[in-house]
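Input: a single structure, listed below in structure tokens.
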Amino acid sequence: MDTPAPTPADAKRALRARLWAHRKQRYADTPRAEREAQALADHVLRIVADRVGPGGTVTSYESWPTEPGTGPLNAALAEAGYRVLVPVTLPGLDLDWRPLGSDERDESARLGLEAIDQADLVLTPGTAVDRRGVRLGQGGGCYDRALPRRREGICVVTLLHPQELLDDALPAAQHDQRVDAVVTADGITWLDR
């Protein structure tokens, strides 16, 4: 009996597990992570200066320890006067939004699912992105649900570690939302979509 070919979901799961294991091993080094987080912030701030007007709104997120660090970036955005919205993952894996610095548990601070349409630039986490803009997320589809709610023409930028921008094509499903650029500690890469 023939073994069925892996589905895109199976391929994504296997790739995600391999990349997460690599992240855990490589980014346990705190000084390296701090240096890379500052470099990442510097690169993103260049994009923000070009694409977002004074006092504009940027969606970001509060990174996990093995993700590219967003602490310096979020602080710099707030200090420069930008409004920063961060996601709240809901039980159904959709994203609500709240202002950076508000308590995630404070439901009165939440802005609703549609708040992403206030963004002048959308920053997303990811596990990998290919040169076509196909993004491999965490596996829940949260951003694939949220990104269609942004305003037309609003740029989506995924923050990654340098080796996570892939030349090989990632498996893609119909619902996958593509991104416009990747920023790593090494720099900015605009993608051909």
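The values are calculated or read from the model by the stated rules, or taken from the named source; none is laboratory data. Note that the structure is predicted; figures quoted are calculated from it, not measured. Every residue, glycine as well, gets a Cβ built from its backbone with ideal geometry; the counts of neighbours run over all protein chains shown. Accessible surface is based on the protein model in full, side chains and every heavy atom, while ligands, DNA and RNA are left aside. Shrake-Rupley method; radii C 1.70, N 1.55, O 1.52, S 1.80 Å.
Taking every Cα-Cα distance in segment 1-111 and sorting them into 10 Å bins from zero, the calculated P(r) comes out as 12, 31, 32, 18, 5, 2, 0 percent.
Taking all protein chains as they are arranged and a probe of 1.4 Å, the heavy atoms of Ile188 leave approximately 50 Å² accessible to solvent. Based on protein heavy atoms only, the chain ends up with 51 Å² per residue of surface accessible to a 1.4 Å probe.
Could you work out how far helix 30-51 tilts from the main Cα principal axis of the chain, as a 0 to 90 degree angle to the nearest 10? Rounded to the nearest ten degrees, it is 70. Computed packing ranks the peptides 156-165, 71-80 as 156-165, 71-80, most packed first, by mean other Cβ atoms within 10 Å.
Probe radius 1.4 Å, ligands and nucleic acids ignored: give me the carbon and sulfur share of the accessible area of the chain as a rounded percent. Whole-percent figure for carbon plus sulfur exposure: 50. Here the mean projected area of the convex hull built on the C-alpha positions of segment 66-193 is 8.2 nm².
Placing unit charges on the Cβ atoms of the charged side chains and taking the dipole of the chain about its Cα centre, the candidate lying farthest along the positive direction among Ala128, Thr3, Ala33 is Thr3. Classify segment 64-141 as rounded, prolate or oblate from the Cα gyration tensor: take a ≥ b ≥ c as the square roots of its eigenvalues, call it rounded if a/c is under 1.5, otherwise prolate when a/b beats b/c and oblate if not. Note, shape of segment 64-141 comes out oblate. Over segment 91-193, Cα pairs under 8 Å with separation of 6+ residues give a relative contact order of 28 percent.
Using the Cβ atoms and a cut-off under 11 Å, what net charge is assigned to the surroundings of Ala109, where Lys and Arg are +1 and Asp and Glu are -1? Within the 11 Å Cβ shell, the charges total -2. Per-residue SASA remark: Lys24, around 150 Å² accessible (1.4 Å probe; ligands, DNA and RNA not included).
Over the residues of the chain, the helix contribution to mean residue ellipticity at 222 nm works out to -9000 deg cm²/dmol, using -39500 (n - 2.57) for each DSSP H run of at least 4.
Along segment 128-133 the Karplus relation, 6.51 cos²θ - 1.76 cosθ + 1.60 evaluated at θ = phi - 60°, assigns HN-Hα couplings of 6, 9, 9, 5, 8, x Hz to successive residues, with x for each Gly and Pro.
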